[in-house]
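A short worksheet on the structure shown next.
The values are calculated or read from the model by the stated rules, or taken from the named source; none is laboratory data. In this text, all values refer to a predicted model and were calculated from it rather than measured experimentally. Methodologically, a virtual Cβ is constructed for each residue, glycine included, from the backbone with ideal geometry; neighbour enumeration extends over all protein chains shown.
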Amino acid sequence: MQIDTYLKEYQPVIYKTFVNALNTKKLSHAYLLSGSVGMPLKDVALFLAKSLICDHPNPLACNECITCIRVDESNYPDLMVFDGENAKIKKGDIEKITSNFDKTALEEKGIMIYVLHLVETMTPIAVNSLLKFLEEPGKNIFAFLTTENESKILPTIISRTQVLRFKEIDRSKVLKDAENMGVLPENAEILSGFYNDANTIKEIAESKEFETAKQCLNDQLNSLLISPDDAVFSSQRFIVPALKQQSTAKLYIKMLTEIFKELLNLSVNESITLKSYDNILHELLKHVTHIDKTLIVLMSSIKKLDYNVNICLLLDHIIYSITKEGK
Ligand SMILES: [Zn+2]
């Protein structure tokens, strides 16, 4: 799905706000795009940035002109992008922006833009440099910041930006859209538990990482049906070695969390979302106890992964929590 269609269809308030700002030439110097995990925040930030410099805006970026194409190819020097997804945004990065934007623009449009994706990952010293820069914005300098966790952003940053908050999309709509895009129902069902965007779900569902995590999940669930000892053995022998990468381990734990959420739902007789897992969920309910305690362990494990804990120990802890009272 194209980003302009996404904005129009899913985020109409942001769409109208930004189009109106462009039409009336009342743009803010800094925007903060605030949403939840899995929303296309970076893509939207780049698209809005592109709309300021597109050769044929209507009024948003056309995606076809030479400028739009150069931005897509990261080949437009007056647009700088720093991505906090895989590495923290550091002071040096902010210094690159300030020193670059101290000079005049290289492109004839004279507009300079920087995109900082996931500002919550910035080091405190980088935040300080950014604040100084936000306090005295140059006339033709624009910023697009994004965050998946607005509560972690300093109020001083929020007050210097116009916040565009993304709306959570109804899970059933995300699920339906993902299935229409060709994602298998069983994959769409489980991924829609923690990704609020059909495009993201499609991308993840097609990744090697997901294939590994799903295989591990199936192995673990099936072994739980045999016996607690078998589940521990399966975890140590097959699952732990397969989940060495932090991101794959996180995906696995999130999926396991969805299973336990559904077990909790089932145990209190509510309807379930994971319809493809109906059989195994009913079977599991006969084999696992203390579902609520396990859920707490799983949810705290997801947080711990952000602090570079030992993945093996974490996975061991999870399987012992699930099986200990079964013994
Ligand atoms: Zn264009």
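Structural remarks
- Any hit, the stretch 300-311, residues being under 23 Å from the mean Cα position of the chain (by Cα), modelled with pLDDT of 90 or more and within 17 Å of Phe194 (Cβ to Cβ): yes
- Residue list for the stretch 212-226, filter: in contact (Cβ under 8 Å) with a residue 60 or more places away in the chain and in contact with a Ser or Thr (Cβ under 9 Å, 6 or more places away or on another chain): Gln220, Leu224
- Residue check for Phe133: away from the ligand (no atom under 16 Å from the Cβ), outside any helix (DSSP H, G or I) and either without any contact (Cβ under 8 Å) to a residue 60 or more places away in the chain or basic (Lys, Arg) (or both): no
- Residue-level check: of (1) at pLDDT 95 or above; (2) surrounded by 15 or more Cβ atoms within 10 Å (Cβ to Cβ), Asn140 misses just (1).
- Just one of the listed residues (Glu283, Glu209, Glu270, Glu203) is of a type outside the set (A, V, I, L, M, F, W, C), surrounded by 13 or more Cβ atoms within 10 Å (Cβ to Cβ) and farther than 25 Å from Thr121 by Cα, and it is Glu283.
- Taking each residue of the stretch 151-163 that is under 10 Å from Ala30 (Cα atoms) and looking for partners that are among the charged types (D, E, K, R) with beta-carbon atoms closer than 9 Å, six or more apart or interchain, yields Ile158/Glu150; Arg160/Glu135; Val163/Glu150.
- Condition met for Glu270 (touching a Gly at 6+ places or on another chain (Cβ under 8 Å) and over 19 Å from Val232 (Cα atoms)): no
- Note on the stretch 50-102: residues that are charged (D, E, K, R), within 13 Å of the ligand (Cβ to nearest atom), surrounded by 12 or more Cβ atoms within 10 Å (Cβ to Cβ) and more than 22 Å from the chain's Cα centre (by Cα) total 2.
- For Met255, the criteria (1) outside any helix (DSSP H, G or I); (2) in contact (Cβ under 8 Å) with a residue 12 or more places away in the chain hold in every case but one, which is (1).
- Residue check for Gly182: buried (at least 18 other Cβ atoms within 10 Å of the Cβ) and in a loop (DSSP other than H, G, I, E, B): no
Quick grid of which residues meet (1) in the same structural domain as Ile14 (by TED's automatic domain parsing); (2) not basic (Lys, Arg):
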| residue | (1), (2) |
| --- | --- |
| Lys109 | yes, no |
| Leu118 | yes, yes |
| Asn128 | yes, yes |
| Glu135 | yes, yes |
| Gly138 | yes, yes |
| Glu148 | yes, yes |
| Pro155 | yes, yes |
| Lys173 | no, no |
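- Ile125 being more than 16 Å from the ligand (Cβ to nearest atom), under 20 Å from Ile158 (Cα atoms) and exposed (fewer than 15 other Cβ atoms within 10 Å of the Cβ): yes
- Conditions (1) surrounded by 15 or more Cβ atoms within 10 Å (Cβ to Cβ); (2) more than 16 Å from the ligand (Cβ to nearest atom): number failed by Lys26: (1)
- Annotation note: Cβ proximity below 7 Å between a residue of the stretch 51-72 that is of a type in the set (D, E, K, R) and a residue that is in a loop (DSSP other than H, G, I, E, B) (sequence gap 6+ or interchain) occurs for Asp55/Cys65; Arg70/Tyr76.
- Counting only residues that are more than 16 Å from the ligand (Cβ to nearest atom) and either under 15 Å from Ile111 (Cα atoms) or touching a strand residue (DSSP E or B) at 6+ places or on another chain (Cβ under 6 Å) (or both), the stretch 6-23 holds 1 of them.
- Helices (runs of 4 or more DSSP H) enclosed by the stretch 1-113 - at least 2 residues per element that are in contact with a Gly (Cβ under 9 Å, 6 or more places away or on another chain) and within 30 Å of Lys173 (Cα to Cα): 41-53
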